[in-house]
Amino acid sequence: MQSLLLIAIGIVVGIMSGLCGIGGGILVVPALIYFFHYTQHEAQGTSLAMLLPPIGLLAVWRYWQAGHVKFIPALLLASAFAIGAFVGAHFAVSIPQTAMRRLFGAMVTVIGLYMTLRK
């Protein structure tokens, strides 16, 4: 049953990611905490591990076919993201669970409000 739920979460998050161009972590982390009672750190680590294979490759292919991919900016973003993710993970593992959950929640809330309220 747990495997089926993980597969269902993966499919739903994959669809949302492809539709909206979002990283899956914004949906996967809360799902792992709610459905599987993962700690904040476990959910974030598992979400990052999910990204290791070339997950976005098929979605990028479809966007590229439609002429909507700018590869040079994507490579620059990916390079900087890799460095930032390493630094962020270094600090995240030492932050207490409650503070980490609040930080994650605040980030999602601010981004959500910005996207909803901007003109």
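What follows is calculated from the coordinates using simple rules that are stated; it is not laboratory data. Keep in mind that what you see is a predicted model, and the values were worked out from it rather than measured. Virtual Cβ from ideal backbone geometry, glycine too; neighbours counted across all protein chains shown.
By count of other Cβ within 10 Å, fewest leading, how are Arg62, Arg101 ordered?
Least to most surrounded, the residues fall as Arg62, Arg101.
Against the longest principal axis of the chain, how steep is helix 71-92, in degrees 0 to 90 to the nearest 10, with axes from Cα atoms?
For 71-92 against the chain, the angle is about 10 degrees.
State the volume of the convex hull built on the alpha-carbon positions of the chain, expressed per residue in Å³ and rounded to an integer. Present the calculation step by step, with values, prior to reporting the outcome.
Working: hull volume 15.2 nm³, N = 119.
Per residue, the Cα convex hull of the chain comes to 128 Å³.
Who wins for biggest fluctuation among Gly105, Gly14, Gly25 in a Gaussian network model of the chain, springs between alpha carbons below 10 Å?
Of Gly105, Gly14, Gly25, the Gaussian network model singles out Gly105 as fluctuating most.
Taking the chain as the reference, fit the longest principal axis to its C-alpha atoms, fit the long axis of helix 25-36 to the helix C-alpha atoms, and give the angle between the two in degrees, 0 to 90, nearest 10.
For helix 25-36, the angle is close to 40 degrees.
How far apart, in nm, are two points set 7 Å out from the Cα along the Cα-to-Cβ line at Phe71 and at His90?
Placing both labels 7 Å beyond Cα along the Cβ direction yields 3.2 nm.
What's the angle, to the nearest 10 degrees (0 to 90), between helix 2-20's Cα axis and the longest principal axis of the chain?
Tilt relative to the chain: about 40 degrees.
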